[in-house]
Structure formats: C-alpha cells, structure tokens
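All of the numbers you see were taken from the coordinates with simple rules; none came from a lab. Not measured: the values here are computed from a predicted model. Note: ideal-geometry Cβ built from the backbone for every residue, glycine included; neighbour counts use all protein chains shown.
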Amino acid sequence: MPVVSYTSVSDVPPMVAVSSAPSHYTCKLVLEAGSFSLCILDRDHAGAIARLASVSGAKVEDKLRDARLKYSKGEVLKVPVIQGAAATLECSLKEKRRFGDHLLLVGQVRAARAADAFDGFWDFARYRPLLYTGWREGLTTLPGS
C-alpha cells in the first residue's frame, strides 16, 4: 500500500506500524492476507495518492491500476510493490490493536529496498517526500519544492 505516514516500532526485529480504519477495504485485505507492503512515493505520485484516497478498492477492479500505478509481486511476500517507489517494505502482519476508530497494524519487515536517493540517509535534493498533514489539509511536500 502506498503510505505517507508510518512509524518504526522496533529495530530488532525490524517492525513498522501504520494506522488504518477497519472499515477501509485495504485494511480488510491486509487482515485477510496477513501481510502488506509499504511503498514510499515522492511528489511525482501526488495525483495517484490523491486518487487512492478518494476511491474505495471495493468499488474498482484494481485500485492501484485505477490510480495509474504499475506494480508487481514482492520479492519475498505475495504483496503488491509499486514500481518507481522511493522505498518499499514487505511486511508480515504481527499484531493489530484498536485505537479509537482505527487499527494500528504492526508488521515485521521481511524485505526492504530503497531508490538511489537513499544512501544511509535521504538525499532531499533528489527525493521529495509526500507528507500527510491531515485529511482536511491533504498532502504536501517539503517547503520550496
């Protein structure tokens, strides 16, 4: 799944967490599959991210293709990996926990890849991350981008 917000929750073993509404189709698919990918996209994909946020996967045959994103199966897990992602994590679902109206989905990282803009740290001259500033404010990029 393309994400603009996630957090690391453990270094050993490597684990990340993402929050999702249990009513969302993507969340249901993650729970059913027991695995997911996190694909970090840059500003070049802002339109696709906005499209993904506006359409339920239950209402289209292929939500990623509907947003004009090309993808393939992960190298380790059977999860969709978006081509051209700045970074990708393939994760097996380890835990889910409800917080208010959302579930916190914790995944153990089974595979990780990053683009050339990452070499120990992000080169923000080449990588312009999408930042989630809340549903009302939408998506943004770094100042001056």
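Using DSSP to call loops (not H, G, I, E or B), can you name the chymotrypsin sites (Phe, Trp or Tyr not before Pro) in the stretch 24-122 whose Cβ has at most 13 other Cβ atoms within 10 angstrom? Numbers along the way, then the final one.
Details: sites: Tyr25, Phe36, Tyr71, Phe99, Phe118, Phe121, Trp122; in loops: Phe121.
Filter output for the stretch 24-122: Phe121.
Please report the equivalent ellipsoid semi-axes of the stretch 10-78, computed as sqrt(5 x eigenvalue) of the Cα gyration tensor, largest first, in whole Å. Kindly include the intermediate steps, with their values, before the conclusion.
Working: eigenvalues 91, 50, 34 Å².
Whole-Å semi-axes of the equivalent ellipsoid: 21, 16, 13.
Tell me, Cys27, Cys91 in order of fewest to most beta-carbon neighbours within 10 Å?
On the way: Cys27 21, Cys91 29.
Starting with the residue having the fewest Cβ neighbours, the order is Cys27, Cys91.
Within the stretch 36-103, which GluC sites (Glu not before Pro) sit in a loop by DSSP and count at most 16 neighbouring Cβ atoms inside 10 Å? Let's see the in-between values first.
Details: sites: Glu61, Glu75, Glu90, Glu95; in loops: Glu61, Glu75.
Answer by residue number: Glu61, Glu75.
I want to check the label-to-label distance for Ala21 and Val60. Put each point 7 Å from Cα in the C-beta direction and report it in nm to one decimal.
Result: 1.7 nm between the two label points.
What residues of the stretch 1-42 lie in the reach of a label at His102, counting those whose backbone N is under 11 Å from a point 7 Å from the Cα along Cα→Cβ?
Answer for this model: 4-7, 18-22.
List the lysines whose Cα sits under 20 Å from the Cα of Lys96, skipping any in the same chain fewer than 8 residues away.
Filter leaves Lys28, Lys78.
Using DSSP to define loop residues, name the trypsin sites (Lys or Arg not before Pro) in the stretch 1-70 whose beta-carbon has at most 16 other beta-carbon atoms within 10 Å.
Details: sites: Lys28, Arg43, Arg51, Lys59, Lys63, Arg65, Arg68, Lys70; in loops: Arg68, Lys70.
For trypsin sites (Lys or Arg not before Pro) across the stretch 1-70 that sit outside H, G, I, E and B with at most 16 neighbouring Cβ atoms in 10 Å, the list reads Arg68, Lys70.
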